Amino acid sequence: MTTDEHRSEGDVAASQKTRATEHTLLARIGAAFAGEEQSGVLVGESKSVKKAHEVRSSNELAEERTDLAIKRTLMGADRTLMAWLRTALSMISFGFTIYKVLQGFQGGEANILAQQYDPRNVGLFLVGLGTLSMVMGTIEYWHSIKSLRQVVPIRIWRRPSFVMAMIISVAGLSVFVSIVTHLL
């Protein structure tokens, strides 16, 4: 017996149906590549997609792409400033925490810590470094926005990341001053 004799009538019918479907699918794909229309719309294309293919001038396309590039650059500058802000806030809070913890260990009955490192100096170093990094990040952001202002007007005081950077800079400076003057 050959393999054809082993096939049932159902298998043969299914095989013929699959071949017909494949032929129809190949015909549709070929028509789509050839650009043949069926009922006014390209094969495989909806009417909403056809509207999206309106012909626009190269100047309109360039203007749209330039606007998008400016937005991407502005968002990139915001993300960079927020990274500076996150790092500075971590350093400031860690410096203040170290200052208070080491001060608590030092003030107890048994002097747990050796006098090699004064808690004030460790806290000042970290808080000062965090505040300095915040100021540096803000200056970098200012220069980025300044260069973008040549292309499009941008109000820097309305940027949430810039406002937060200013608040954290002032907070870091106040924590630094309070450690120096032993207010906290």
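Annotations
- Here residue 111 meets the list (1) open to solvent by 70 Å² or more (accessible area, probe 1.4 Å); (2) modelled with pLDDT of 90 or more; (3) not hydrophobic (A, V, I, L, M, F, W, C) almost entirely, failing just condition (2).
- Output for the range 50-99, where each listed residue is open to solvent by less than 40 Å² (accessible area, probe 1.4 Å) and among the charged types (D, E, K, R): 78
- Matching residues, the range 153-166, being more than 17 Å from residue 79 (Cβ to Cβ) and surrounded by 12 or more Cβ atoms within 10 Å (Cβ to Cβ): 166
- Just one of the listed residues (178, 174, 169) is more than 15 Å from residue 75 (Cβ to Cβ) and either touching a Pro at 6+ places or on another chain (Cβ under 6 Å) or open to solvent by 60 Å² or more (accessible area, probe 1.4 Å) (or both), and it is 174.
- Selection within the range 131-181 - in contact (Cβ under 8 Å) with a residue 24 or more places away in the chain and not in a helix (DSSP H, G or I): 151, 152, 154, 159
The values are calculated or read from the model by the stated rules, or taken from the named source; none is laboratory data. Note that the coordinates shown come from a computational prediction; the quantities given were computed from them, not determined experimentally. A quick note on method: Cβ atoms are made from the backbone with ideal geometry, for glycine too, and the neighbour counts reach across all protein chains shown. Side chains included, ligands, DNA and RNA excluded: accessible areas come from the protein's heavy atoms. Shrake-Rupley method; radii C 1.70, N 1.55, O 1.52, S 1.80 Å.
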